[in-house]
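Written out below as structure tokens is the structure these notes cover.
The values are calculated or read from the model by the stated rules, or taken from the named source; none is laboratory data. Just so it is clear, the structure is predicted and the values come from calculations on it, not from any experiment. Virtual Cβ from ideal backbone geometry, glycine too; neighbours counted across all protein chains shown. Just the protein is used for accessible areas: all its heavy atoms, side chains included, with ligands, DNA and RNA removed. Shrake-Rupley method; radii C 1.70, N 1.55, O 1.52, S 1.80 Å.
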Amino acid sequence: MSEPDQAFADAQENVNKLTSRPDNDQLLQLYALFKQGSRGDVEGKRPGRLDMVKRAKYDAWAKLAGTSSADAKQGYVDLVARLTQG
């Protein structure tokens, strides 16, 4: 496993060890960076207005369209590092 991929995997483990829950904006950012880093650009239809949680997740991920996998993974690693430092 390459060093950036190992750092991404380590960050995935560290996010589960956070002592306090990130705020909603941080959670959406974590979700979007993770998805962009692991799956690429968002696909499928945007969820309807009545499903606000899925719609917010979709929108957060869609904002990262065109971001490379490597940049998204690094962003995820950096965000987890900031959250673990408090």
Self-check item: Straight-distance crosslink candidates among lysines, where the alpha carbon sits under 17 Å from LYS54 and sequence neighbours closer than 8 are dropped
Solution: LYS35, LYS45, LYS63
Exercise. Putting +1 on Lys and Arg Cβ atoms and -1 on Asp and Glu Cβ atoms, find which of ALA81, LEU50, GLY66 reaches farthest to the positive end of the dipole of the chain.
Key: LEU50
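For the chain, what does -39500 (n - 2.57) per DSSP helix run (n ≥ 4), summed and divided by total residues, give at 222 nm, in deg cm²/dmol to the nearest 500? If you can, show how the numbers build up before the last one.
Values: 4 runs with 57 residues, N = 86.
The helix-only estimate for the chain comes to -21500 deg cm²/dmol at 222 nm.
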Quiz prompt | Dipole moment magnitude, nearest 20 debye, the chain about Cα centre, only Lys, Arg, Asp, Glu C-beta charged | solution = 500 debye
Quiz prompt | √(5λ) per eigenvalue of the Cα gyration tensor, the range 1-77, largest first, Å | solution = 22, 17, 8
Exercise. At 0.36 nm per residue, minus the direct Cα-Cα distance, what do LYS54 and TYR31 gain on full extension? Give it in nm, one decimal, please.
Key: 7.2 nm
Quiz item: Any idea of the accessible area per residue across the chain, 1.4 Å probe, to the nearest Å²?
Solution: 70 Å²
Quiz item: Hey, in the GNM for the chain with a 10 angstrom Cα cutoff, which one of LYS35, LYS63, LYS73 fluctuates hardest?
Solution: LYS63
Quiz prompt | Carbon + sulfur, % of accessible area of the chain - ligands and nucleic acids excluded, 1.4 Å | solution = 49 percent
